[in-house]
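The values are calculated or read from the model by the stated rules, or taken from the named source; none is laboratory data. This structure is a prediction, so every number in the text was calculated from the model and none was measured. Please note: Cβ atoms are built from the backbone with ideal geometry, for glycine as well, and neighbour counts cover all protein chains shown. Protein only, heavy atoms only, side chains kept; ligands, DNA and RNA dropped before computing areas. Shrake-Rupley method; radii C 1.70, N 1.55, O 1.52, S 1.80 Å.
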Amino acid sequence: MESTRAARVVVDTLIVATCVSAGAYVLMGHEWRPALVAAVLLLSALAAVQLWFSRASERLHTRRAYGLLALQAGLCCLPVLYFGYSWLALPSLTAATALLVLRPRWSVPLLLVVGCGTMAYAWHVQGEVRWSDPLSMVVFMLHVYGFTRLGLLVADLHRTRRALGEAAVAEERLRFARELQARLATSLRTIEARARQRPAAVAELVTIARTALAGMREFAQSYREPPPAGPLLTAPRVWFADGLLYGLLGLWLTGMIVILLERRDWSVATALGIACSVACIGLQAGWLSRPDRVRPARFALVAQAAVVLMPMVVVDGWAVSGRGQLAGSCLLVLRGAYGWAAFAAVVVVDGVWRLSRGPAHLGEQVTFFTGTIVIGLAVYAMTWNARLVRDLVRLRADLARAAVAAERMRFARDLHDLLGLSLFSISLKAQLARRLPAEAADAELAEIAGIARTARAEIDLVTAGDRELDLDDELRAARAMLPAADITADPPPLPPEIQTVLATVLREGVTNVIRHGDARTCSIRLFEKDGVATLDIVNDAARPGGDPPGAGLTNLAERVAALDGTFQAGPTAGSRFRLHVSVAVP
């Protein structure tokens, strides 16, 4: 949110400075009189309206926005009838706002109407239209549109920074569901079909169950790997931000050259001014304002200062000076207070140099002074926001990858913990059915079919991520799987998330006891005391030396840690293995 607030401050400052610059231009064409007070009030109202449009929290396609756009159009266009040519830049403000508020099928025609009307009025007043007139209008419009739109874009990226992650997670879930259906659902359907047949199909059933169990473990392990890295900066918003920045730089360069050519002074000084203008904007575009450079080389700033100072001595006129660009570059290259001090120094030097050229109208002095400030802030704002857009797009991509990685880990955990016991039970019961008489084998096969149906339903739970296990059901399953075990359990009412974790631990513990197959005794204790729910599973099948924890125990430790619980698993005295979990009950 700090970057959003900073973007708002920069945008607000630019809006106010732009209106002050426009007011100074009005001052150039009028003496001090009550009409100037009206101009100040009108410009203040325009600044307030534009500040409203720059608010990131406001929606721009509403009736209120349309009404304020109409008000702004009146404030920008009607005063031209009184203030004349000095007010002629303000209709561009309406064109810029129309691009923000209206759909292209309405904003583009309005833009053409404003442009043609402005040029027609300039022809009526001056008897001609210079190339610099439409160019100045476009630059002014792009100023307002660019920094307002980039400020809104930064805020929008902040608001939606997690939306990309949610979309990526949803896409990953679909891919996981397709692969899971292809790998396991088919095997489970085959197991269920074979289990309904005579015991002659038991041998094939054992093979299918073992293959499915091995495939499930391999599949779960593959999802523990991080997702592949994708392209980061191909988002259209990055292209849009870069296009606004370079478009504005191109218009500045065009304006400098056009105003020099309008002098019709084909001298060495004019050629030098054009060369310095090209060098100034070239350094700006190639080094100082490149969005992919966080801190440009200082030699580029020194080089730009040199090509900016040269026209101050040789060529008359602000258009070839580039002092506004130099001021903005100081903010981009120098850190903190040094940057702002250099910015102020450039503005002061520019003002002193202009005063040294001879007396000028107060409005002209203020216009050039505020123009340097506006251009400098615009350079800084457009570059900073373009870089911020890149950073936010990169952050969104990183958050999306992190969300997908977390979801892949959840897939792996749930797949192992939820389907592992089911497939292991199917394999165990299938092997048992091979050794039993036909009647007893039929009972085992019926249970296998039921387990396969349940496992197929659990596939959807794993994919959706909203699985909840019932602790009572898992206790009944544990008693059925370990009929000789000493199970003491009186589970109190527990929140669903705690029940699910304890049920998962119980399921994994029972699976491990059965899998190792050499435990003679097993005790399971589940109780709640002093606001702490505790589950203890102890058996006498601890292996000498202790094997490193497998994926199952690692999954359990992660689930318990997510609830700030205590997890212990390992050998104890007397060659026993203990699995202990305790979780505070809120």
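In table form, for the structure just shown:
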item	result
Positions within region 562-575 being among the hydrophobic types (A, V, I, L, M, F, W, C), open to solvent by less than 60 Å² (accessible area, probe 1.4 Å) and at pLDDT below 90, in sequence order	563, 569
Filtered residues of region 416-438 (kept if buried (at least 19 other Cβ atoms within 10 Å of the Cβ), touching a residue at least 40 places away in the same chain (Cβ under 8 Å) and not hydrophobic (A, V, I, L, M, F, W, C))	416, 417, 420, 425, 427
Contacts under 7 angstrom Cβ, first residue in region 330-345 being at pLDDT below 90 and open to solvent by 50 Å² or more (accessible area, probe 1.4 Å), partner part of a helix (DSSP H, G or I) and not hydrophobic (A, V, I, L, M, F, W, C), 6 or more apart	none
Condition check for residue 537: closer than 18 Å to residue 417 by Cα, in a strand (DSSP E or B) and either touching a Phe, Trp or Tyr at 6+ places or on another chain (Cβ under 6 Å) or modelled with pLDDT of 85 or more (or both)	yes
Elements of type helices (runs of 4 or more DSSP H) in region 102-192, at least 1 residues being modelled with pLDDT of 80 or more and buried (at least 20 other Cβ atoms within 10 Å of the Cβ)	104-126, 132-159
Residue list for region 42-91, restricted to those being among the basic types (Lys, Arg) and under 19 Å from residue 146 (Cβ atoms)	55
Set 378, 305: member being in a helix (DSSP H, G or I) and at pLDDT 90 or above	305
Residue tally, condition open to solvent by 50 Å² or more (accessible area, probe 1.4 Å) and more than 29 Å from residue 407 (Cβ to Cβ), over region 439-471	5
Among the residues listed as 96, 65, 70, the single one being without any contact (Cβ under 8 Å) to a residue 40 or more places away in the chain, closer than 24 Å to residue 11 by Cα and open to solvent by less than 60 Å² (accessible area, probe 1.4 Å)	65
Subset tally (residues that are in contact with a helix residue (DSSP H, G or I) (Cβ under 7 Å, 6 or more places away or on another chain) and open to solvent by 40 Å² or more (accessible area, probe 1.4 Å)) for region 576-586	0
Some residue of region 404-414 being more than 23 Å from residue 179 (Cα to Cα) and either modelled with pLDDT of 75 or more or in a helix (DSSP H, G or I) (or both)	no
In region 257-309, the residues that are exposed (fewer than 14 other Cβ atoms within 10 Å of the Cβ) and under 26 Å from residue 386 (Cβ atoms)	286, 292, 294, 295, 297, 298, 299, 302, 306
Some residue of region 475-495 being modelled with pLDDT of 80 or more, touching an Asp or Glu at 6+ places or on another chain (Cβ under 7 Å) and of a type in the set (A, V, I, L, M, F, W, C)	no
